[in-house]
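Report on the structure given below.
The values are calculated or read from the model by the stated rules, or taken from the named source; none is laboratory data. This structure is a prediction, so every number in the text was calculated from the model and none was measured. Note that each Cβ is placed from the backbone with ideal geometry, even for glycine, and that neighbours are counted across all protein chains shown. Areas reflect the complete protein model, heavy atoms only, side chains present, ligands, DNA and RNA absent. Shrake-Rupley method; radii C 1.70, N 1.55, O 1.52, S 1.80 Å.
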Protein chains: 4
Amino acid sequence: MRDIAPKIRIRISMNTSIIALLHGPDKPGIVAGVAGWILENGGSILHADQHHDGQQGVFFQRVEWVHADGSDPDDRAKSFYEMAVKMGMKIKTALSSDRPKVAIMVSKAGHAFHELVQNWQAGDLPCDISVVLGNHRDLESVATSHGLPFVFTPIAKETKAATEKQQIEIFREYGVQLVVMARYMQVLSDSFLDHCGAPVINIHHSFLPAFAGARPYHQAYERGVKIIGATAHYATAVLDDGPIIHQDVRPVSHRKSVLDLMRLGRDLEKLVLAEAVRLHLENRILVYGNKTVVFD
Amino acid sequence: MRDIAPKIRIRISMNTSIIALLHGPDKPGIVAGVAGWILENGGSILHADQHHDGQQGVFFQRVEWVHADGSDPDDRAKSFYEMAVKMGMKIKTALSSDRPKVAIMVSKAGHAFHELVQNWQAGDLPCDISVVLGNHRDLESVATSHGLPFVFTPIAKETKAATEKQQIEIFREYGVQLVVMARYMQVLSDSFLDHCGAPVINIHHSFLPAFAGARPYHQAYERGVKIIGATAHYATAVLDDGPIIHQDVRPVSHRKSVLDLMRLGRDLEKLVLAEAVRLHLENRILVYGNKTVVFD
Amino acid sequence: MRDIAPKIRIRISMNTSIIALLHGPDKPGIVAGVAGWILENGGSILHADQHHDGQQGVFFQRVEWVHADGSDPDDRAKSFYEMAVKMGMKIKTALSSDRPKVAIMVSKAGHAFHELVQNWQAGDLPCDISVVLGNHRDLESVATSHGLPFVFTPIAKETKAATEKQQIEIFREYGVQLVVMARYMQVLSDSFLDHCGAPVINIHHSFLPAFAGARPYHQAYERGVKIIGATAHYATAVLDDGPIIHQDVRPVSHRKSVLDLMRLGRDLEKLVLAEAVRLHLENRILVYGNKTVVFD
Amino acid sequence: MRDIAPKIRIRISMNTSIIALLHGPDKPGIVAGVAGWILENGGSILHADQHHDGQQGVFFQRVEWVHADGSDPDDRAKSFYEMAVKMGMKIKTALSSDRPKVAIMVSKAGHAFHELVQNWQAGDLPCDISVVLGNHRDLESVATSHGLPFVFTPIAKETKAATEKQQIEIFREYGVQLVVMARYMQVLSDSFLDHCGAPVINIHHSFLPAFAGARPYHQAYERGVKIIGATAHYATAVLDDGPIIHQDVRPVSHRKSVLDLMRLGRDLEKLVLAEAVRLHLENRILVYGNKTVVFD
């Protein structure tokens, strides 16, 4: 597997940087407190981006910084974490060297899966793709040709609960930190979402909230829309209603059949999903309520 | 009013051209029949565009041609009409010199109205704007400064039926052939749509079918979408459900407040509405079922 | 003129906010220094956005904050200015209540001028339009109908230098702080740009650097491009080569004639120019070298 | 190789259709002549699209039809060809069942190559990928894993002429009808283009004519553009100046480094190239002068 390992993009700073995602009640002094802490601890800010939701009185920040003094970034991240908690903020920290373990769930269609794998191999997705789960075997040989373990987890009505349990077992076994549904054509149960132990990113082949549910391209064709879209979102208990991460669209005309829409939509789906996964892996997304703040 | 009369765009051919919009059951020989008739009658095709709906077995065509022999285009159009009816087609004909009478309905917001007036003055909308109806007086002085009659038709709950009758009277009086709702903030009754005697084009400030109904930017903000849109459609008895003519969108981020979305949306609304009106006036739209064929 | 005065958008905070645009050599402690100063002086940050150009080692920041203690924002802005200069930064400060005086230069085409005036009347452009200069009289009556002084400054080859001097005189007289070329069809001389005393924003009707110079739609048509564009930039001595502020594009096909491209391009031009002017007036643009940092 | 053969998309008509691309001097009766011939010969038109270049007086048409009488489509296409030649038209005919032989030229970067192969495997590119030529071996194992012959044709300054001869030999050997440069990083000599015996489609990683030549993303970064693009065109003797087939763009900001532009551009490049190849293979492109008519 060595020779297919993704190339790491060269960074200007060779030091590991620390990324923190904070949010909490908006109040004076947060920006100064964060920047002051980093300065006092000998760090240099690489990026800092904040957002204030004026309506809800919530403050959001993504800050990335580096310590050039050879200190252990894990230790520094922990100290920062404690400081931020004392300020009353909810916080997540990560290191630029982290490579979260990702499981990809697939059915028959390969376009979204291929896109993820190629982005990963190009070094654009900082993660390890640990395992691929399919309820069909169509993509097994592709997965294994890339050195990726493939587990066949067929779903039938009566076995769904059992299969979902098995899938969650596999996630545990591999230490999965993110689940990506790459055109996985099964509705996940509430129980699955409660117990899978990792956020789940899904791609819906419409411009949500238009055309939620099944066969969105057929719905779009019937309604005669002049634009089609795709939506990547975190999966939640309410189908196709989770926090939206990324969307994109393209114009269509009356000349396009349902088959055309499906073909054109494939490009949207794969790009929108890959972008959402990248944003998640680069720790650029904060979820609050049913919405996202995306620091891109 | 002379000096504000719209400039007529110079055409390559100085002759009046005839435009026909046909549709009917798909069968061999329609294209040949139409083109053959034009050739035999000494005409030259300028544009011809057709569409086959394979699922429904329907044929659609827009054809534009010119007779260089000095014959009366009205007579020619009538003969063509009869030929097409014999072929079993539904047909509408128009002349390039036609200037349909248009009524614009407004409330307080002026952006869509301004856009229509300026497009019209630039010669891009081949029509006469005959009258402007407002349920508020905000745009009265603008209308009259352009030499356009403005009628104040205020709406209250108890007077709505009476006012709609009055509005329809005004349309009759001016011989109105197209009604454009330029951010007119009233729901039209079924009775109005049945009796107003002209197609009605409306602009909805969302990417329909997402966010139909009231306050779509608030809905979009709440849902956290990453793209907003606008939709021009023919008004029908079912609110925001008529045949879609044109749509456009633009990306937004979490940084945008509801007020920002409303500001950004104004550009979408005005451009999408003006484009839809242009397409209608240039006889480029065929409605069938709840959809449109747009020959652009 | 009272009743046509632009409505001021309601802000959540009724206090005047201070906006600072800083840039200078990147070094640790700038973010902390700025945020610390604001905190110590009793201010609350509304927005803060920074950028590091890693290649050039330059730091850029836009920060907007408010003092709720009733202190004079002008005094506060001055103190901040001095602090930032001590940190080695170049800095510009402004107040949210500022309304810079703007001159608009026009020729015959009205679309860009109309767009600016309507955005201004809708309260989206925080400025005073002080004067309109035209080398043709076509837009004089429109300008005066909006209560805007119009000065006719015709240009002939032999009088160009004299007219430019006159134009600069007018800018001085009105205290003009920004000049906007709204499809003003004259090349400005180097001398004009050196002496006009204000930044000049221009709109070029192509996707620069493609099709610089004259008749860009003709050039685009000849080259057979599938997308047309418009570019707003600061005017510099090198024609069509100044720092780009904003660009937008739209797809076209072989069906479009040069006249069609010109018509379609008008929408691009007016929207791109109005957006660039808004970004400038909201103090969102930092120019460095021949490029811009746009904090949107 | 059987099991990786692309799936053929199901068509409504199971009969092979004939596609004709015509162009020539515009004159009355062409549409009628073409449609009449098809009707008289028992054919049914599936699609017909025409274009008149008013400036140059040229008529262009793409027409697709089917004979349901079991006649040999090759014979029918030949008869039609003769008829069209008699009408003074230049004509190319093809059958919907044709699968032209395609050679793909690659260097190191795989994204455009992957996209083509996956589109082909999904049945969206009606062709046989006969051979892959690389001046590096990076993509050899990928090609062979898809069952595609890979020929290593390294290029050094002194061997370029010899290698190009070898490449043309390979095209002859495989009967290549279309050459696709999938990010092949070599400038083709005039001699190569004269003798390669097939049209060559190239993808340039900029919005041509902006940033022709080498390192376009570096050029775009230096110029500070707010939009990047990609352009697919037919290769001609003048570098990056051939007829443009398809273009697409996406917005960027000052935050994007050259590396970011390269990453973002990869998606544009692969999609734009795949679309151009599809348009070519579906016989939708007519080249005239240095431009294209694309019947999409």
Compute the orientation-averaged projected area for the stretch A:4-95 from the convex hull of its Cα atoms and round it to one decimal in nm². 7.0
Starting from 0 in steps of 5 Å, tell me what percent of the Cα-Cα pairs of the stretch B:236-296 lands in each bin. 4, 16, 20, 19, 17, 12, 8, 4, 0
SASA check, residue A:81, accessible area w/ 1.4 Å probe, all protein chains in place, rounded to nearest 10 Å², comes out at 100
Pop out a list of residues from the stretch A:108-156 that are at least 20 Å² less accessible with all the protein chains around than in their chain alone; 1.4 Å probe, no ligands or nucleic acids counted. A:114, A:115, A:118, A:124
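Per residue of B:28-41, count partner chain C-beta atoms within 10 Å of its C-beta, then hand back the mean as an integer.
Whole-number average of other-chain Cβ neighbours for B:28-41 is 6.
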On Cα atoms only, tilt of D:111-121 relative to the major axis of chain D in degrees: 30
Over the alpha carbons of the stretch B:134-215, what is the largest minus smallest coordinate on each principal axis, giving the biggest first in Å? 38, 28, 27
Provide the descending list of Cα extents for the protein assembly as shown along its principal axes, expressed in whole angstroms. 88, 75, 68
Taking the axis about which chain A rotates onto chain B, which residue of A lies nearest it as judged by Cβ position, and how many whole Å separate them? A:210, 2
If I fit a long axis through the Cα atoms of helix B:73-86 and take the longest principal axis of the Cα atoms of chain B, what angle between them do I get, 0 to 90°, rounded to 10? 80
With an 8 Å Cα cut-off and a minimum separation of 6 or more residues, compute the relative contact order for the stretch D:4-95 in percent. 40
R0 of 35 Å, Cβ-Cβ distance residue D:158-residue D:258: FRET efficiency to nearest 0.05: 0.65
If ligands, DNA and RNA are left out, what is the accessible area of residue D:83 with a 1.4 Å probe, given in Å² to the nearest 10? 30
Surrounding charge for residue D:282, neighbours by C-beta under 11 angstrom, Lys/Arg +1, Asp/Glu -1, total -2
Residues whose built amide H sits under 5 Å from the amide H of residue A:228, excluding neighbours closer than 5 in sequence, are A:250, A:252
Burial ranking of peptide ranges D:213-223, D:103-113 (average Cβ count within 10 Å, highest at the top): D:103-113, D:213-223
What is chain D's relative contact order, in percent, from Cα pairs under 8 angstrom and six or more apart in sequence? 15
Once you have a ≥ b ≥ c as the square roots of the Cα gyration tensor eigenvalues for the stretch A:81-186, tell me rounded if a/c is under 1.5, and otherwise prolate or oblate according to whether a/b is larger than b/c. oblate
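Could you please state how large a percent of the accessible area of the protein assembly as shown is carbon and sulfur, counting protein chains only and using a 1.4 Å probe?
53
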Please name the residues of the stretch C:54-84 whose accessible area, counted over protein heavy atoms with a 1.4 angstrom probe, falls by no less than 10 Å² between the chain alone and the full protein assembly. C:54, C:55
Tell me, which residues of the stretch C:210-228 get at least 50 Å² less accessible area when the other protein chains come in, versus the chain alone (1.4 Å probe)? C:221, C:223, C:226, C:227
What order, most packed first, do the peptides C:246-257, C:273-284 have when packing is the mean number of other Cβ atoms within 10 Å of each residue? C:273-284, C:246-257
Sorted by packing (mean other beta-carbon atoms within 10 Å per residue), highest first, where do B:84-97, D:146-159, B:168-181 land? B:168-181, B:84-97, D:146-159
Buried accessible surface, B vs A, both sides, probe 1.4 Å, in Å² to 100, equals 2900
So the angle from the long Cα axis of helix B:160-174 to the longest Cα principal axis of chain B, reported in degrees to the nearest 10, equals 40
For residue B:175, go 7 angstrom from Cα along the Cα-to-Cβ vector, then report the distances to that same point in the other copies in nm, smallest first. 5.5, 6.7, 8.2
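Over all residues in A:246-252, what is the mean tally of Cβ atoms on other chains that come within 10 Å of each residue's Cβ?
For peptide A:246-252, the averaged partner shielding equals 4.
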What are the ³J(HN,Hα) values, in whole Hz, obtained from phi via the Karplus relation 6.51 cos²θ - 1.76 cosθ + 1.60 with θ = phi - 60°, for each residue of the stretch B:48-54 in sequence order, with x given for Gly and Pro? 8, 9, 9, 8, 10, 8, x
Expressed in nanometres to one decimal, the distance between label points 7 Å along Cα→Cβ at residue A:56 and residue D:56 is 5.7
For the stretch D:101-294, max minus min Cα coordinate along each principal axis, in Å, sorted largest first? 49, 35, 34
Under 19 Å between alpha carbons, and skipping anything fewer than 8 positions from residue C:160 in its own chain: which lysines qualify? C:108
Put +1 on the Cβ of each Lys and Arg and -1 on the Cβ of each Asp and Glu in the stretch A:101-294; which of A:289, A:220, A:198 then has its Cα farthest toward the positive end of the dipole? A:220
Which distance in nm do the two modelled labels at residue C:172 and residue A:86 give, with both placed 7 Å along the Cα-to-Cβ direction? 6.1
Run the label-point distances for residue D:259 please: 7 Å along Cα to Cβ, every other copy, nanometres, shortest first. 4.0, 4.4, 5.2
In whole angstrom, note down how far apart the Cα centers of the stretch B:224-247 and the stretch A:190-233 are. 20
Give me the 1.4 Å probe accessible area per residue for the protein assembly as shown, excluding ligands and nucleic acids, in Å². 42
For label points placed 7 Å from Cα toward Cβ, what is the shortest-first list of nm distances from residue C:187 to its copies? 2.9, 6.0, 6.7
Percent antiparallel among DSSP beta bridges confined to chain A, nearest 5, equals 70
Debye, to nearest 20: dipole size of the protein assembly as shown, +1 on Lys, Arg Cβ, -1 on Asp, Glu Cβ: 0
